[in-house]
Amino acid sequence: MRIEKELMRGAGPAAVLKLLSRGEMYGYELVEALSKRTDGVLAMGQSTLYPLLYNLEAKRLIEGIWREADSGRQRKYYRLTKKGKGELAKSAKQWTSLVETMKSLGVVPEPGTAG
Amino acid sequence: MSAEALPPPTNSPDSLFYKLGNTPLRDLLRGRLTARLDLRRLVANSGLPRSLAQLVEETVRRTRLWRLEKLDVAAELISHFKDGLEAGDSHEQLANSFGDIALVAKLIRRARKRQRLLNRVVATSLRRGAQALTVVFTLLIVTYFVMAVRVFTGAPRVSRDYVQEFNAAARAIPPEHRAWPVYRQGFLALAPWPAPFIFKDIAPDRPGWDEYVQFAKKNSLAIDLFHSAARMPQLGTVLFDPDDAELLKRAGVSNSIVIPSGLTDRIAPTIISAVFPEYSVLRTASQLLTIDAYLAVKNGNSKRTVEDLDSLLQIAEQLSHCHYVIAGLVAATVCSHACRPVAFLLEKNPKLLDENQLLELSRRFYGIANNDRLKVDRTGVRAFFDDFVQRTFTDNGEGDGILAPTYLSFMNAIEYVGQSPADTRLQSVMHRLVLPTYSFMHAGKRVTLAKFDDLMRRMAAEQERPLWQQTDTDAEDELERLHGNPIAQWRYTVLLRLTPTLSRASFLFNVAAQEADACAVALALEAWFRRHGAYPSSLDGLVPEFIPTIPPDRYDGKPIKYKLVDGKPLLYSVGANRQDDGGTLINGMPPDKANQRAREWIAPKWLPTSTSEQTKLRGDWILWPPIESGIK
């Protein structure tokens, strides 16, 4: 299932921040992880990912560092900053609240109920 | 899509022009030709299949970013595709999932621009600047309103009624000892003067003299009244005396400083708006008595001569007790007037007075010059300033306060002396709006008074030293510096507008005293001549029988200089150059101008050092026989 563009705009940064909270990752790795871990729901191509990373970098939520990979190639790794951790916590709360609200409205079915 | 790599660029990577054109400025400044800005070479050397390489190149080119930013984006995309290929994706898959080149380029451009340090710095600076401005502006507004409340709710407190204090002293004098009512009567009895005149030009045998003889004869009643008044011990003028009304009208003396009636009703009469008609009246009286003294000498009337001269010196004496600088200056002028008939007497009719009369007159001149009569009395200046401050600053009960709205009215009255205040309604509103700001910037009442007292104390310390010990005018120099400093002009407006520089007045007192000294010595010399048939070879012989001491030369502190020229006494001071030039005048100018030049005080540090400039000042200040009276 593809997510609407507007919804993706809100979910994408939170998803990237969450992935980076577990450790630093590079661009292609993030694309793959988003695709696999969300069953393709939050899959994003380079056209979305790199502008998103650059925006997060501009806001100082993440930082990118060029480093030599095991293969010997230069690769840019991204990791969460302190500010990014705070933003992730805030985002998580907002998403929880949103989901709860959607549940109370019946937009999101409660576990064990028919949608 | 092609899996072949892009061919390498044909231009030589070793050419200097190539390196210069592709090296960032920061590397050039470090002396390194890195040539790392060549995007095409970077992509070509990446080893990506042609289709992906073209994708990278085209996308990056379309971002229109700065060259270093482009390289960074290109390197990351190359790395991304290599990761994909290594993970087993085909170049077709990777190219297909890339998306629309134009859109990707646009989004990357937008995101990267946000990262630019300059943008961040500018945005942060603007934000912080705006915050700071808001804080400052808010503080200013709050301060303005606090000051406005303080200014418009505070009120001055008049703790001293100077008019009452001055009048109480005058009213304590018994009526028969008060000279002022008699002078006033004499002035009202005076016939009009013949025509506008320059007083120093009036002397026997000069053009127009006969007219003044007639004038003096017509005014015998006024002269008698002036003699009577002069015999009284004190002047005893009363401020705002209603009995002066007719005299003010006759003298053409207007009430020169008009304080708005609303203020005077509320805050008692102020010394600031007082008029002092006595100065004009006594100056006129002394002129008439001087003419009468000339006439008495010419007519051989010794009694009248002595009476006129005695009255002149008594007027000077009475004025010297008045506590105002202007009164002292009029006293100095009267003294100077008195010297002129003495000179005429000793030249034209030296035998008119007997030895005792000569010595008595000499004693009178010596007394007025050496008994602290001719000096700056700052009592009135301090009273005027304090009266102004107590009426134009609020009072917090502890002697401090800020400028009050009354300041505007008083300042307006002083600024437009003799004119209608030009303050329109609009100006008035504007002034009131500005006043809180002005009050905030202006020194408080206590600081203003303390600064005034400090300057006055220092001026007094400088000016009360004998002239020959005076070296500089630090206090007046400071006042001048404050005048030239824009911040001080705001902070000390009241002080700067109302503090007089009194060094000139102090100098004029020294001039008058030196002339009176010379007159006393000349009269003593005449008495000596009468007894010994010749003048002494030095002044030492005069002491103590003919004169208590030899008066000092005010320019070097040594005895006044004396020599005989053609058998007649010549008295002189070394003058401003502090050199004894043998009693000669400065060359190259008329005698009166040369004498005036020689007497004009110059601070020792400004005395000329070059020979040519020193020559221009070579000459003495001739005191006797008088060349010109000095004070007009």
- Message: Here is a check on your reading of the model: is residue B:584 over 29 Å from residue B:202 (Cα atoms), in the same structural domain as residue B:517 (by TED's automatic domain parsing) and polar (S, T, N, Q)?
- Response: no
- Which of the following residues is out of contact with any Pro (no Cβ under 6 Å at 6 or more places or on another chain), outside any helix (DSSP H, G or I) and outside the structural domain of residue B:451 (by TED's automatic domain parsing): B:372, B:400? B:372
- Task: Give the residue that is nearest to residue B:376 (Cα to Cα), with candidates limited to residues of the stretch B:314-354 that are buried (at least 20 other Cβ atoms within 10 Å of the Cβ) and out of contact with any helix residue (DSSP H, G or I) (no Cβ under 7 Å at 6 or more places or on another chain).
- Result: B:322
- Does residue B:125 satisfy the condition of being more than 14 Å from every other protein chain (Cβ to nearest Cβ), surrounded by fewer than 18 Cβ atoms within 10 Å (Cβ to Cβ) and small (Gly, Ala, Ser)? yes
- Looking at (1) surrounded by 19 or more Cβ atoms within 10 Å (Cβ to Cβ); (2) at pLDDT below 90, which is the only condition residue A:35 fails? (1)
- From the list B:95, B:111, B:87, which residue is of a type outside the set (D, E, K, R), within 11 Å of chain A (Cβ to nearest Cβ) and in contact with a Pro (Cβ under 7 Å, 6 or more places away or on another chain)? B:111
- Conditions (1) among the basic types (Lys, Arg); (2) over 24 Å from residue B:377 (Cβ atoms); (3) modelled with pLDDT of 90 or more; (4) exposed (fewer than 14 other Cβ atoms within 10 Å of the Cβ): number failed by residue B:457: (2)
- Message: Checking the condition within 21 Å of residue B:199 (Cβ to Cβ), free of Cβ contacts under 8 Å to residues at least 60 places away in the same chain and of a type outside the set (Ser, Thr, Tyr), which residue from B:313, B:319, B:289 passes?
- Response: B:313
- Tally of residues being in contact (Cβ under 8 Å) with a residue 12 or more places away in the chain and surrounded by 12 or more Cβ atoms within 10 Å (Cβ to Cβ) across the stretch B:558-569: 8
- For residues that are exposed (fewer than 15 other Cβ atoms within 10 Å of the Cβ) and of a type outside the set (Gly, Ala, Ser), tally how many sit in the stretch B:159-200. 15
- Count of residues meeting criterion [more than 12 Å from residue B:368 (Cβ to Cβ) and of a type in the set (D, E, K, R)] in the stretch B:508-535: 3
- Item | Qualifying residues in the stretch A:16-26 (those that are over 20 Å from residue B:84 (Cβ atoms) and without any contact (Cβ under 8 Å) to a residue 60 or more places away in the chain) - the one farthest from the other protein chains (Cβ to nearest Cβ) | A:22
- Query: Among the residues of the stretch A:57-74, is any hydrophobic (A, V, I, L, M, F, W, C), at the interface with chain B (Cβ under 8 Å from one of its Cβ atoms), closer than 22 Å to residue B:106 by Cα and touching a helix residue (DSSP H, G or I) at 6+ places or on another chain (Cβ under 9 Å)?
  - Reply: yes
- Item | Scope the stretch A:27-55; condition touching a residue at least 40 places away in the same chain (Cβ under 8 Å), closer than 21 Å to residue B:63 by Cβ and more than 9 Å from every other protein chain (Cβ to nearest Cβ); matching residues | A:30
- Message: Taking the conditions exactly as written (among the hydrophobic types (A, V, I, L, M, F, W, C) and within 10 Å of chain B (Cβ to nearest Cβ)), does residue A:11 satisfy them or not?
- Response: no
- What are the residues in the stretch B:339-359 that are in a loop (DSSP other than H, G, I, E, B) and acidic (Asp, Glu), if any? B:354
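Per-residue answers, yes or no, for (1) within 30 Å of residue B:577 (Cα to Cα); (2) out of contact with any His (no Cβ under 9 Å at 6 or more places or on another chain); (3) assigned to a helix (DSSP H, G or I):
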| position | (1), (2), (3) |
| --- | --- |
| B:447 | no, yes, yes |
| B:450 | no, yes, yes |
| B:455 | yes, yes, yes |
| B:458 | yes, yes, yes |
| B:471 | yes, yes, no |
- Message: When you check residue B:311 against the structure, is it at pLDDT 95 or above, assigned to a helix (DSSP H, G or I) and small (Gly, Ala, Ser), yes or no?
- Response: yes
- Message: Being at pLDDT 90 or above, farther than 30 Å from residue B:509 by Cα and among the charged types (D, E, K, R) is the requirement here; does residue B:400 meet it?
- Response: yes
- Task: Evaluate the following for residue A:89: is it free of Cβ contacts under 8 Å to residues at least 40 places away in the same chain, in a helix (DSSP H, G or I) and more than 14 Å from chain B (Cβ to nearest Cβ)?
- Result: yes
- Looking at B:517, B:477, B:472, which is the one that is more than 15 Å from the chain's Cα centre (by Cα), acidic (Asp, Glu) and surrounded by fewer than 19 Cβ atoms within 10 Å (Cβ to Cβ)? B:472
- Item | Exclusive hit being over 30 Å from residue B:371 (Cβ atoms) and either surrounded by 20 or more Cβ atoms within 10 Å (Cβ to Cβ) or at pLDDT below 90 (or both), set B:511, B:434 | B:434
- Has the stretch B:46-60 got at least one residue that is surrounded by fewer than 20 Cβ atoms within 10 Å (Cβ to Cβ) and either at the interface with another protein chain (Cβ under 10 Å from one of its Cβ atoms) or small (Gly, Ala, Ser) (or both)? yes
- Note on the structure: Note on residue B:387: of the conditions (1) within 30 Å of residue B:438 (Cβ to Cβ); (2) part of a loop (DSSP other than H, G, I, E, B), unmet is (2)
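The values are calculated or read from the model by the stated rules, or taken from the named source; none is laboratory data. Note that the structure is predicted; figures quoted are calculated from it, not measured. In this analysis, Cβ positions are derived from the backbone assuming ideal geometry, glycine residues included, and neighbour counts consider all displayed protein chains.
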